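Here the structure comes first, spelled out in structure tokens, and everything after it is commentary.
Taken together, the values in this text are just the output of simple stated rules run on the coordinates, not laboratory data. Values in this document were obtained by computation on a predicted structure and should not be read as measured data. FYI the Cβ positions are ideal-geometry reconstructions off the backbone, even for glycines, and counts take in every protein chain you see.
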Amino acid sequence: MSLSTLLLMDDHSITLLQWVNGAWHDRRFATDADALDSLITTLVCHRWDVGVLVDLDCESVVHEPLPRLSWLDRRALCRRKAAQHWPQTAHRHIGPCRLHAGRHVALLSALIQPAPLDALLDRLTTAGIAISGVWSLPLLISALVTGCPAHSLLFCVGQDGRLRQSHLVHGQLQFSRRLQRETRPPADTADALAAVLDEETRLAQRHLAGTAQLPSREALTVVILGTGEAMPATAGALNRHWASDGALHAVALSLPVGDVAAAVADRLRLRPPPSHYGTSRQLRRGMLRRRIATIRLIAASLLLAASLQAWHLQRAGAALAHAAAGLSVTVGDVRRQTAALQQGLPIGQPVAASQLAAIRTLDARYLAPWPRQLADMQRLSQALLRYPALQIERYGWEHQLPAAAGEPHLVRWTLTGTDPQAASGGITLEHLADELARWPGAAPGITLQRTGQGTFTLHWTTRPEQAR
């Protein structure tokens, strides 16, 4: 949600800033009742959401050291300390807590005299104008300056032509005040502006050194923030004047758009930070508008994501349907080719009969000479019945086909078990081996292998042709 309308409030006037055709246009109003009525009428007629920038002399800034606590405890402690510093105002701001020299330091600020701001905010709220936020101009100006040395003194020109002086330490605002004298660059010459800045810099340097805010041998960099050719010329004039003083140095920073207020407004337009000041009652309408805008943005994002997903699924479904159609065509071609092949094959009863006859011929030629397994198992079982002391664990046989025509078929037998009488010198196994050697068709050379704990293995070979 971009912010295109801002009210810049200082001690003497209220400036209406509007973003039109890529630039900020300003219109100044006085602080009397008639001018305020005219401003409210303008805002109501156009139904604008406004943000408020305050540039008041009554703003106070304090840096508060904090102990090591959790984030929630630090926030609660900062609220309590801010209420102790400024109990008379509700416009208090707790800045970011930063780690400096091994300690957590929080930036606290408040408007000591909130009556002018409350009068403006109440008039806007009564008129039904949504207030997007209330921000401090000095706090936002420090964000425009990046990469400054440890101690910097920032000068910028306000809307009313008065200079604002801010002291920054490592980019963090220490104090900010508006100077009483007026200067209106570029109408003033660079030398005249340099004389004013030199005097104010000397006063600030003595103040910082006297309050131990500036170390004795620490250099102070003067940053001149503004637009036009007068700013670089002023920095050059100051450096020539401070050529013999190594503790002071001046640089000029040019703003990308307009003056300081326009540059800050441009940052607020693109990405406004959380509001610095303002009560919940004064900001309720603006918060509700922002939440509604956020919900609309989320809903639009979800709708766009759902539309993209539906489009993707539609494309995927169309591709899948095309692939299925191609696959059905392919299956139809395969079926037609298979049917054409089946019509040329001689399948049926004559083919099955000839194949069955071939199988029977092979069975008679190769399988008939083999021993029937049931008869061999019965013969071995009858032999083992005569030796009940033996514990048979496994027996098996292996057929060996003849390697060439005329060679006999061989069956290799294996019997494994345990002889409990082996320790007492029994001869049961020897008797069994002699009986197996006398089998019909048994080949000479039966093998008996004894292993530890009475286990044994018998190997012998038979010829099926001789057994028949």
Relative exposure of 276, 312, 207, judged by other C-beta atoms within 10 Å (fewest first): 312, 207, 276
Given the DSSP H assignment, sum -39500 (n - 2.57) over each helix run of at least 4 residues in the chain and divide by its residue total; what's the result at 222 nm in deg cm²/dmol, nearest 500? -14000 deg cm²/dmol
Percent relative contact order for region 1-158, counting Cα pairs under 8 Å at least six residues apart, stands at 23 percent
Place a label point 7 angstrom from the Cα of residue 341 along the Cα-to-Cβ direction, then list the residues of region 315-331 whose backbone nitrogen is under 19 Å away. 328-331
Long-range amide H partners of residue 11 with built H, under 5 Å: 57
Dipole of the chain, positive end: most advanced residue of 134, 173, 16 [Cβ charges, Cα centre]: 134
Along the charge dipole of the chain, which of 332, 155, 5 sits closest to the positive end, that is, farthest toward it, with unit charges on the beta carbon of Lys, Arg, Asp and Glu (+1, +1, -1, -1)? 332
Size of charge dipole - the chain - debye, nearest 20, with Cβ of Lys, Arg +1 and Asp, Glu -1, no other charges: 1260 debye
Using Cα atoms only, what is the angle between the long axis of helix 33-46 and the major principal axis of the chain, expressed in degrees (0 to 90) to the nearest 10? 30 degrees
Does a label point 7 Å from the Cα of residue 386, set along Cα-to-beta-carbon, have any residues of region 428-467 with amide nitrogen under 11 Å, and which are they? 431-439
Final fewest-first order of 34, 419 on the 10 Å Cβ neighbour count is 34, 419
Would you calculate the separation in nanometres between label points at residue 316 and residue 401, each defined as 7 Å from the Cα along the Cα-to-beta-carbon direction? 5.5 nm
Points 7 angstrom from Cα along the Cβ direction at residue 453 and residue 192: gap in nanometres? 11.8 nm
Listed peptides 74-86, 130-142 by packing density, highest first (mean Cβ within 10 Å): 130-142, 74-86
Label-point separation (nm) for residue 218 and residue 26, each offset 7 Å from Cα along Cα-to-Cβ? 3.3 nm
For the chain, with +1 on Lys and Arg beta carbons and -1 on Asp and Glu, the positive-most of 66, 396, 205 along the dipole: 396
Provide 287, 9, 377 in ascending order of the number of other Cβ atoms located within 10 Å of each residue's Cβ, fewest first. 377, 287, 9
For Rg/Rh (Cα atoms, Kirkwood Rh), the listed values are (1) 1.02; (2) 1.60; (3) 0.96; which was obtained by calculation from the structure presented? (2)
Paramagnetic label zone (point 7 Å from Cα along Cα-to-C-beta, residue 239; backbone N under 19 Å) in region 119-157: 146-156
With an 8 Å Cα cut-off and a minimum separation of 6 or more residues, compute the relative contact order for the chain in percent. 10 percent
